[in-house]
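No value in this document is a laboratory result; all are computed from the given coordinates. Remember, predicted model here, so these are calculated numbers, not experimental data. As a convention, Cβ positions derive from the backbone with ideal geometry for all residues, glycine included, and neighbour counts pool all protein chains shown.
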Amino acid sequence: MHSLSRLISIITVGMLPFASSCTDSPDDRTESTDSAVVGEATPSDTASSEPEPLPIEEEIRIVFVTHGQSSDPFWSVVINGAGDAAADLGVAVEYHAPLRFDMVEMSDRIAAAIATRPDGLVVSIPDGAALGAAIRDAIRAGVPVVSINSGGDVYRDLGVLAHIGQTEYEAGYESGVRLARAGVRQALCVNHEVGNTALDQRCKGFRDALGERRAVAYALVVNLADPDDTQQRIVGAITSGPAIDGILTLGPNGAAPALAALRQTGKIGEVPLATFDLSPEVLEAIRDGEMIFAVDQQQYLQGYLPVVFLVKYLETGTIPGGGDIIRTGPGFVTQDTAADVIDLSARGIR
């Protein structure tokens, strides 16, 4: 199993290929990408056009461009999946992301990736309007594209071959059902990336499920670049205004300040807390009864499967599922299963 430390080596600024994540401050605009050489094979200059079978000895190079940084506990597992697929299939894989949620920078990274003429491109699509032109440019250049994580609502319209991930609305809806069963009637949906349509869909599904059960959800916008401010915003929301009796965060980095806010106010165990996605802290909190569940979209598969799909597409001209969404979730980790998942998380695959 690849660890993140094995996958990331050095930084190259302003051009591709990159080979590292950047540890400098995200305010330094001269180093605006987070990038890693994931596979161990040497990158090839060979480009893909129409899907024709490739000679077995011809190396394949696949580039990931997503909105998620390698330092994020969620995306580090995606990188592990991509790295393992690269090793298993003997191909080269690179990973690139802006240092913050920045659709202009991400679009530029897609354009830069196309210029290197990769054999395949893997993208997340948190904003189809902002990224659509760059993705269509890749397809016009003859680069096959698979989307992961976000983009299930727009990938077909953009000409992407397939989407690998969970259906976000349904994941939010089921989260609302579960929190309503726990007695929640007035909940917060804590959104840390305004403009990310996947997060909007999660909140909408959550709100709809609660509404059908005569409960209500309020959106709370936070900036995770300032976790202390995020914590205090959550504290303010649960100590003033409507009597908040449940919280859903939309990612593990949002769960941490929510946990801190509940501890600060003495409401751990009193106000049910759930989150999307896993981290060691989230899993330990579920095990210890401080959170009731986490939505698991099995992001390791979101790194592994697109490499397999693109390699086989290049070899055979076919794609599994006929271009439908390949669902990796939602699954749910509860106190009954958290201990087992903690062991898998330690191996970098959950």
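So for segment 114-165, what percent of the C-alpha to C-alpha distances run longer than 14 Å?
Values: 534 of 1326 pairs.
So the pairs more than 14 Å apart make up 40 percent of the total in segment 114-165.
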- Message: Which order do the peptides 257-264, 227-234 come out in when sorted by mean C-beta neighbours inside 10 angstrom, highest first?
- Response: 257-264, 227-234
- Task: In whole Hz, with x marking every Gly and Pro, tabulate ³J(HN,Hα) for segment 293-309 from phi via Karplus 6.51 cos²θ - 1.76 cosθ + 1.60, θ = phi - 60°.
- Result: 6, 10, 7, 10, 9, 6, 5, 4, 5, 5, x, 6, 5, x, 5, 4, 4
- Message: Quick query: amide H of Asp34 versus all other amide H atoms, modeled in the peptide plane; which residues come in under 5 Å with a sequence gap of 5 or more or a different chain?
- Response: Ala97, Leu99
- What residues have an amide H closer than 5 Å to that of Ile125, excluding those fewer than 5 places away on the same chain, when H is modeled at 1.01 Å from N in the peptide plane? Ile148, Ser150, Gly151
- Item | Positive dipole terminus of segment 294-344, leading residue within Leu301, Phe332, Gly321 (C-beta point charges) | Gly321
- Among Thr239, Leu224, Ala256, the residue whose Cα sits farthest towards the positive end of the charge dipole of segment 208-258 (+1 at Cβ of Lys and Arg, -1 at Cβ of Asp and Glu, taken about the Cα centre) is Thr239
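Let's see if you can work this out: charge +1 on each Lys and Arg Cβ, -1 on each Asp and Glu Cβ, no other charges. What is the dipole magnitude of segment 111-243 about its Cα centre, in debye to the nearest 20? Before the final figure, lay out the partial values.
Details: 13 positive and 15 negative charges, 80 e Å.
Once rounded to the nearest 20, the dipole reads 380 debye.
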